[in-house]
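Student: One structure coming up, written as structure tokens, with questions to follow.
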Amino acid sequence: MPTTIEQANPEHPSGDRRFHTLDITLQRHHYQPDSLIEVLHKAQEFFGYLEEDVLIYIAKSLKLPLSKVYGTATFYHLFSLKPTGVHRCVVCLGTACYVKGSQTLMDRLEEKLGIRVGETTADGQISLLEARCVGACGIAPVMVIDGEVMGHQTPETVLVHAQNLENQ
């Protein structure tokens with residue numbers, strides 16, 4: 001009789017082996033609903049983004065309402081519901097950052113990259129995203145590039161960062 005997920009369920013019905021890897025993560029967390037954020041992080045790592053069928057699968061596995069899983073995935077700026085570029089550029093538009101000019105930063109980046117917030121450049125290299133708050137109000141305005149928080153940004157510095165990303 002199978003005793004582990006690897007033995008019991010070697011392949012998801014869709015044939016996508018990433019679900020098998022997600023099952024291992026769910027098992028590690030004992031299918032506990034309070035592991036939702038950790039499971040979402042792993043799912044995004046495995047799939048690249050959190051598509052609808054992955055969110056449904058997680059909701060069923062953790063016995064949570066889909067609205068709770070979707071709400072969590074859309075609340076945190078580190079999660080994405082659609083494919084993103086190689087580089088993620090997130091501009092904080094929270095109150096402290098907004099007051100210190102983050103909308104101007106966003107406008108300059110949209111102009112420079114030729115995309116709007118929520119879009120990815122045609123070459124798939126850079127996704128421009130927004131966050132309501134990244135929790136770094138003391139160094140506002142803030143931009144996060146590939147997970148690195150950069151404070152005290154100006155229109156000039158964000159253009160330099162964008163140029164550097166384009167050249168990578």
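What follows is calculated from the coordinates using simple rules that are stated; it is not laboratory data. These figures come from a predicted structure and were not determined experimentally. Cβ atoms come from the backbone with ideal geometry, glycine included; neighbour counts cover every protein chain shown.
Student: Per DSSP H run of n ≥ 4, the term is -39500 (n - 2.57); total these for the chain, divide by its residue number, and report the mean residue ellipticity at 222 nm rounded to 500 deg cm²/dmol.
Tutor: It comes out at -13500 deg cm²/dmol, rounded to the nearest 500.
Student: Could you tell me how many cubic angstrom of Cα convex hull volume the chain has per residue?
Tutor: Cα convex hull per residue, to the nearest whole number: 125 Å³.
Student: Report the dimensions of segment 5-75 along its three principal axes from the alpha-carbon atoms, largest first, rounded to Å.
Tutor: Cα extents, longest axis first: 34, 23, 18 Å.
Student: Indicate, rounded to the nearest 5 percent, the antiparallel portion of the DSSP beta bridges found entirely in the chain.
Tutor: 55
Student: Turning to a different aspect of this structure: Within the chain, what is the longest stretch that has no chymotrypsin sites (Phe, Trp or Tyr not before Pro) placed in a DSSP loop and near at most 15 other beta-carbon atoms within 10 Å?
Tutor: 77-168
Student: Another question, then. Just how large is the dipole of segment 102-168 about the Cα centre, in debye to the nearest 20, putting +1 at every Lys and Arg Cβ and -1 at every Asp and Glu Cβ?
Tutor: It comes to approximately 180 debye.
Student: If exposed means no more than 14 neighbouring beta carbons inside 10 Å and the site is in a DSSP loop, what's the longest run of the chain without any exposed trypsin sites (Lys or Arg not before Pro)?
Tutor: 1-62
Student: Looking at Ile56, Val91, Leu128, which one has the Cα that reaches farthest to the positive end of the dipole of the chain (charges on Cβ: Lys, Arg +1; Asp, Glu -1)?
Tutor: Positive-end residue among those listed: Ile56.
Student: Oh, and also: When the Cα centres of segment 61-98 and segment 102-168 are compared, how far apart do they sit, in Å?
Tutor: 16
Student: Would you check the chain for Lys pairs whose C-alpha atoms are within less than 23 Å, ignoring same-chain pairs closer than 8 in sequence, and give me the count?
Tutor: Count of close lysine pairs: 9.
Student: Follow-up question, since we're still on this one. How many nm is it between the label spots at Thr95 and Asn164, if each spot is 7 Å from the Cα in line with the beta carbon?
Tutor: 3.1
Student: What residue among Gln44, Gln32, Gln103 has the largest mean-square fluctuation in a Gaussian network model of the chain, using Cα springs under 10 Å?
Tutor: Result for the chain, Cα springs under 10 Å: Gln32 fluctuates most.
Student: Next up: Pick from Pro83, Pro65, Pro13: which is most flexible by mean-square fluctuation in a GNM of the chain where alpha carbon atoms under 10 Å apart are linked?
Tutor: It is Pro13.
Student: What's the magnitude of the charge dipole for the chain around its Cα centre, counting Lys and Arg as +1 and Asp and Glu as -1 at the beta-carbon? Answer in Debye, nearest 20.
Tutor: 420
Student: Looking only at Cα atoms, what is the convex hull volume of segment 87-167 per residue, in Å³?
Tutor: Hull volume over Cα atoms, normalised by residue count, gives 70 Å³.
Student: For the chain, set up a GNM with springs between Cα atoms under 10 Å and report which of Leu64, Leu78, Leu40 has the largest fluctuation.
Tutor: Sorting by GNM fluctuation, first place goes to Leu64.
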